[in-house]
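The structure under discussion appears below in the form of structure tokens.
The values are calculated or read from the model by the stated rules, or taken from the named source; none is laboratory data. This is a predicted model, so every value here is computed, not measured. Every residue, glycine as well, gets a Cβ built from its backbone with ideal geometry; the counts of neighbours run over all protein chains shown.
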């Protein structure tokens with residue numbers, strides 16, 4: 001994963017002994033699984049209001065149903081080694097689901113943290129996803145939701161008549177025949193997704209990634225929607241049926257469709273906004289790169305954003321869009337202050353040459369025309385950082401999800417706004433004939449030759465910091 005996406009990296013520094021020592025700070029009582037309770041479910045049954053269940057690494061093949069308890073369930077070592085699975089017999093096939101369920105008024109003090117939720121199925125009953133939240137408001141934090149399927153519902157999560165927070169949650173490789181691959185938000189629901197990723201989810205006849213419907217509301221802050229695919233639907237997803245969705249500092253890259261568009265659509269009287277978002281290489285099967293649409297009865301503001309692809313055709317379309325201060329390939333006829341020049345992403349396909357994968361680098365080259373081209377008055381209140389967690393405004397606000405951090409310092413060879421050993425590594429690779437960062441070459445002293453005088457010049461700049 002590139003440094004541009006490093007805010008999605010998980011870091012676990014609280015081992016079991018430290019958490020157990022915290023004791024009462026985590027709740028009224030601390031219950032341990034499996035040392036005290038063989039399963040998470042049995043610990044839940046014994047838990048009282050405000051208790052914390054600490055779960056050691058392992059695969060827990062069960063359905064965790066809270067039955068109205070406001071408790072914290074936290075793994076000691078993170079989602080890489082702690083699984084809640086609907087594969088009851090260990091044959092890599094989902095048997096039951098959802099594997100995490102709240103439906104009895106659980107509040108925001110209910111927390112699930114540090115698990116991989118996997119191999120869940122609705123068995124065709126349409127009540128599915130690995131996570132189902134109804135009439136409740138739990139917090140889901142630092143989890144991975146993956147390899148789950150729901151027919152006619154959402155493969156990853158279904159959220160209905162609830163208010164929840166998903167923070168640092170990855171939806172990866174979930175699927176739905178006829179629904180949404182990653183999740184569906186519906187019916188008077190209000191959900192925030194913060195620093196979440198939706199990668200490689202898929203649907204047949206629905207929405208590959210995300211779906212907000214039926215007067216639901218969702219906010220997306222610094223989220224990555226990448227490599228999702230729909231057969232006959234929308235690759236990135238849809239906002240529909242009088243729902244509202246607001247996106248800030250979000251990236252849509254490499255989403256695709258066979259029979260629909262690769263991007264995001266607003267339909268059915270929906271509304272929302274996309275502020276400082278980046279769309280890159282979202283395409284249908286024929287190569288058309290329509291990334292963002294809004295029907296006439298929708299109302300969507302797009303500002304300080306970038307919509308760009310090497311594919312054919314219009315990138316943005318629809319009478320429901322109000323677009324200003326943005327970079328859009330082929331323009332937008334009714335837009336205001338629209339740039340049509342290449343935004344100069346540092347490496348939009350990454351070393352693997354494939355859009356929608358973890359090595360895509362959609363930061364801006366310091367010389368990009370999209371740098372300092374935005375209008376800070378369109379930034380939502382309280383937004384001070386970009387998609388990478390760096391300063392949102394450097395000079396004037398940029399277009400797109402990533403703010404150019406370049407300081408004009410020659411030793412900042414990789415253009416990330418810092419002078420560190422990543423720059424030294426980048427220069428040495430370039431000097432030895434490898435790939436050079438965008439806009440850089442090994443002739444550091446600009447004398448027309450690449451030799452050890454350049455290496456000396458770079459080391460001197462590196463040691464002085466500029």
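Computed quantities for the displayed model
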| quantity | calculated |
| --- | --- |
| Flag if residue 86 is in the same structural domain as residue 146 (by TED's automatic domain parsing), modelled with pLDDT of 95 or more and under 27 Å from the mean Cα position of the chain (by Cα) | yes |
| Any hit, the stretch 147-154, residues being in a strand (DSSP E or B) and closer than 27 Å to residue 49 by Cα | no |
| Test for residue 413: is it crowded, with 16+ Cβ neighbours inside 10 Å, assigned to a loop (DSSP other than H, G, I, E, B) and in contact with a helix residue (DSSP H, G or I) (Cβ under 9 Å, 6 or more places away or on another chain) | yes |
| Unmet criterion (only one of (1) under 25 Å from the mean Cα position of the chain (by Cα); (2) part of a loop (DSSP other than H, G, I, E, B); (3) not assigned by TED's automatic domain parsing to the domain that holds residue 121) for residue 98 | (3) |
| Matching entry among 166, 171, 198, 193 (being under 13 Å from the mean Cα position of the chain (by Cα), buried (at least 22 other Cβ atoms within 10 Å of the Cβ) and either under 17 Å from residue 97 (Cβ atoms) or not assigned by TED's automatic domain parsing to the domain that holds residue 251 (or both)) | 171 |
| Exclusive hit being crowded, with 22+ Cβ neighbours inside 10 Å, touching a strand residue (DSSP E or B) at 6+ places or on another chain (Cβ under 6 Å), in the same structural domain as residue 383 (by TED's automatic domain parsing) and under 23 Å from residue 383 (Cα atoms), set 289, 261, 273, 280 | 280 |
| Residue in the stretch 445-460 that is in a loop (DSSP other than H, G, I, E, B), more than 29 Å from residue 168 (Cβ to Cβ) and either in contact with a helix residue (DSSP H, G or I) (Cβ under 6 Å, 6 or more places away or on another chain) or in the same structural domain as residue 236 (by TED's automatic domain parsing) (or both) present | yes |
| Residue 426 vs. criteria free of Cβ contacts under 8 Å to residues at least 40 places away in the same chain, in a loop (DSSP other than H, G, I, E, B) and closer than 13 Å to residue 413 by Cα | no |
| Enumerated strands (runs of 3 or more DSSP E) restricted to the stretch 257-301, each holding at least 1 residues that are closer than 23 Å to residue 218 by Cα and modelled with pLDDT under 95 | none |
| Flag for residue 367 being assigned by TED's automatic domain parsing to the domain that holds residue 198, farther than 19 Å from residue 194 by Cβ and either in contact (Cβ under 8 Å) with a residue 24 or more places away in the chain or within 20 Å of the chain's Cα centre (by Cα) (or both) | yes |
| Residue check for residue 31: in a strand (DSSP E or B), more than 30 Å from the chain's Cα centre (by Cα) and buried (at least 21 other Cβ atoms within 10 Å of the Cβ) | yes |
| Matching option when the condition is surrounded by fewer than 19 Cβ atoms within 10 Å (Cβ to Cβ) and out of contact with any helix residue (DSSP H, G or I) (no Cβ under 9 Å at 6 or more places or on another chain), among 386, 347, 365 | 347 |
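Here's the yes/no breakdown for (1) more than 18 Å from residue 39 (Cα to Cα); (2) part of a loop (DSSP other than H, G, I, E, B); (3) touching a residue at least 24 places away in the same chain (Cβ under 8 Å); (4) touching a strand residue (DSSP E or B) at 6+ places or on another chain (Cβ under 8 Å):
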residue: 69; (1), (2), (3), (4): no, yes, yes, no
residue: 90; (1), (2), (3), (4): no, yes, yes, yes
residue: 93; (1), (2), (3), (4): yes, yes, yes, no
residue: 126; (1), (2), (3), (4): yes, yes, yes, no
residue: 129; (1), (2), (3), (4): yes, yes, yes, yes
residue: 137; (1), (2), (3), (4): yes, yes, yes, yes
